[in-house]
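Novice: The structure follows.
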Amino acid sequence: MMATHNAFQRKVGWVCHSFNLACLLIALALLLTVLFSPTFSITTGIVKFTSPPKDTYWTDDDPPLRVEMIVGPAGGCISFNHSVPICQTALQYKPPKELNLTRYGHSTDSIGIGTYFAIHYVVTVLLIIETLALFLAPWLLGLYLIDMYFMLLGVFLSIFFMALGYSIMECDAEEVLRDTTPKFDATLQWGYGLVIFSTVFQVLAMILTFLSAGELDDNYVQTQDIESQSTRLIENTK
């Protein structure tokens with residue numbers, strides 16, 4: 001155990017390890033911030049849908065309304081004419097029935113984008129595992145190799161299913177809601193930017209972990225050879 005700890009200090013060092021751990025913690029904090037949006041933090045939602053006032057009426061005799069919906073991994077919020085948002089916690093956000101959202105003459109109660117947010121929970125759990133493994137890695141060097149594979153999976157999911165996936169989701173949802181009554185335009189929000197920054201920090205942490213694992217693997221082989229030679233010399237002297 002002592003030799004393992006010495007190998008870590010010689011080849012990796014606490015400064016590099018601390019920076020690596022800080023990258024993971026920042027990435028995790030950013031994802032957790034978005035995870036609870038918009039029901040707990042409306043400013044960090046992923047996408048906002050806005051209906052032009054001229055297209056939205058309760059009845060033909062009522063004045064037009066401006067409707068805004070903000071959705072994220074924790075659900076969605078809706079407001080009318082900039083009123084206090086009404087929020088709903090759910091993976092698959094459903095606009096209130098009072099909106100009377102229809103598509104091709106039939107009512108619809110779901111935007112159909114909840115599956116895009118499910119991967120956000122998966123990546124968050126992966127990041128928690130990666131952070132715990134990296135925290136213990138100086139004492140259990142084998143965790144560097146295990147953590148490396150978890151990070152590779154996390155970065156892959158973050159890039160292709162979140163960073164790119166949320167952008168595709170915004171386009172898909174906008175296409176669907178343009179066929180509804182009322183019509184909606186979609187725009188990405190601050191939460192999407194936080195996801196991008198989180199992905200960048202994940203990539204940095206992964207690169208550092210790859211380098212550390214490589215250094216420790218070489219050092220481990222050399223240490224095993226030296227220990228084997230020392231054991232043989234001691235046996236020969238006896």
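The values are calculated or read from the model by the stated rules, or taken from the named source; none is laboratory data. Everything numeric here is computed off the predicted structure, so don't read it as measured data. No Cβ is skipped: glycine too gets one built from the backbone with ideal geometry, and neighbour counts run over all protein chains shown.
Novice: Report yes if residue 141 is surrounded by 20 or more Cβ atoms within 10 Å (Cβ to Cβ) and at pLDDT 90 or above, otherwise no. Walk me through it before giving the result.
Specialist: Numbers: surrounded by 20 or more Cβ atoms within 10 Å (Cβ to Cβ): yes; at pLDDT 90 or above: no.
In short, no.
Novice: Among the listed residues 84, 71, identify the single one that is modelled with pLDDT of 85 or more and assigned to a loop (DSSP other than H, G, I, E, B).
Specialist: Selected residue: 84, the only one of 84, 71 that is modelled with pLDDT of 85 or more and assigned to a loop (DSSP other than H, G, I, E, B).
Novice: Quick check: is even one residue across segment 51-67 at pLDDT 75 or above, polar (S, T, N, Q) and within 25 Å of residue 200 (Cα to Cα)? Even if it seems obvious, please write down each step before you answer.
Specialist: To start, the set of residues in segment 51-67 that are at pLDDT 75 or above comprises 51, 66-67.
Pick out the ones that are also polar (S, T, N, Q) and you get 51.
If we keep only those that are within 25 Å of residue 200 (Cα to Cα) as well, we get none.
No, because not a single residue in segment 51-67 is at pLDDT 75 or above, polar (S, T, N, Q) and within 25 Å of residue 200 (Cα to Cα).
Novice: Now for a separate question. Among the numbered conditions (1) surrounded by fewer than 19 Cβ atoms within 10 Å (Cβ to Cβ); (2) at pLDDT below 85; (3) not hydroxyl-bearing (Ser, Thr, Tyr), tell me where residue 19 comes up short.
Specialist: So residue 19 meets the others, but not (2).
Novice: Go through segment 26-43 and report how many residues are surrounded by fewer than 16 Cβ atoms within 10 Å (Cβ to Cβ), in a helix (DSSP H, G or I) and within 12 Å of the chain's Cα centre (by Cα). Reasoning before the result, please.
Specialist: First, the residues of segment 26-43 that are surrounded by fewer than 16 Cβ atoms within 10 Å (Cβ to Cβ): 29, 32, 36, 40, 43.
Next cut, in a helix (DSSP H, G or I) only: 29, 32, 43.
Filter again for within 12 Å of the chain's Cα centre (by Cα), leaving 29, 32.
Within segment 26-43, residues that are surrounded by fewer than 16 Cβ atoms within 10 Å (Cβ to Cβ), in a helix (DSSP H, G or I) and within 12 Å of the chain's Cα centre (by Cα) number 2.
Novice: Can you tell me which of 179, 185, 147 is in contact with an Asp or Glu (Cβ under 7 Å, 6 or more places away or on another chain), farther than 20 Å from residue 26 by Cβ and not aliphatic (A, V, I, L, M)?
Specialist: Working: 179 fails: in contact with an Asp or Glu (Cβ under 7 Å, 6 or more places away or on another chain); 147 fails: farther than 20 Å from residue 26 by Cβ.
Within the list 179, 185, 147, the selection yields 185.
Novice: So, of the residues in segment 107-122 that are among the hydrophobic types (A, V, I, L, M, F, W, C) and in a helix (DSSP H, G or I), which turns out to be modelled with the highest pLDDT? Talk me through it step by step, then tell me what you get.
Specialist: Our first condition is that a residue be among the hydrophobic types (A, V, I, L, M, F, W, C); within segment 107-122, this holds for 111, 113, 117-119, 122.
With the extra rule that they be in a helix (DSSP H, G or I), the set shrinks to 117-119, 122.
On the way: 117: 86, 118: 86, 119: 88, 122: 92.
Looking at the filtered set, the residue picked out is 122.
Novice: Might you let me know whether segment 156-178 holds any residue that is at pLDDT below 90, surrounded by 18 or more Cβ atoms within 10 Å (Cβ to Cβ) and not in a helix (DSSP H, G or I)?
Specialist: no
Novice: Out of segment 123-139, which residues are in a loop (DSSP other than H, G, I, E, B) and free of Cβ contacts under 8 Å to residues at least 24 places away in the same chain? I'd like the intermediate steps shown before the answer.
Specialist: Initially, segment 123-139 is screened for residues in a loop (DSSP other than H, G, I, E, B), giving 137-139.
Hits for segment 123-139: nothing passes.
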